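Reviewing the structure listed below.
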Amino acid sequence: MDSSQDLCCMHLLSSNEGRFIAFTDSSWTRYTEFASKWNVFPCKERDVAVEALDRLSLTMEGINTCPRPMPSAELMPGYHRQCYNRFCDIQKVWRQEKAASKKEASREENDMGDVNAHS
């Protein structure tokens, strides 16, 4: 792994060799907002966010404060543009929410079936 891949806070694409971009205040804010969104789902994006925050000595709880703390400058965190676009894609979050809702509805339906079967 090259050094920029080690520091890409949203590294989701194994073949990404794009330019490494340092966070600005606005891109860091957007990243932390999406990290919080992904945190509720058991998915690759959540795992990537938790791992990156751990490497930066931050936590999900810590990034949900206002203002959102930027990591120290010596860590030089950033991202690849393609990783950022994928991680911060609201359509992907919506699809994940929809899938989670369907899964929960199915689980509740199964639970109701189990209760009725035992009655």
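Return yes when E97 is at pLDDT below 85 and among the charged types (D, E, K, R) and no when it is not. So E97 does not fit the description; no. In summary, E33 fulfils each of the numbered conditions (1) open to solvent by 20 Å² or more (accessible area, probe 1.4 Å); (2) modelled with pLDDT under 85; (3) not small (G, A, S) with the single exception of condition (2).
Scanning segment 36-57 for residues that are surrounded by fewer than 19 Cβ atoms within 10 Å (Cβ to Cβ), of a type in the set (A, V, I, L, M, F, W, C) and over 14 Å from V93 (Cα atoms) yields a total of 2. Screening segment 1-24 for residues that are of a type outside the set (F, W, Y) and at pLDDT 85 or above and picking the one that is least open to solvent (accessible area, probe 1.4 Å) gives I21.
The values are calculated or read from the model by the stated rules, or taken from the named source; none is laboratory data. Keep in mind that what you see is a predicted model, and the values were worked out from it rather than measured. Quick reminder, even Gly has a Cβ in these numbers, built from the backbone with ideal geometry, and neighbours come from all protein chains shown. Accessible surface is based on the protein model in full, side chains and every heavy atom, while ligands, DNA and RNA are left aside. Shrake-Rupley method; radii C 1.70, N 1.55, O 1.52, S 1.80 Å.
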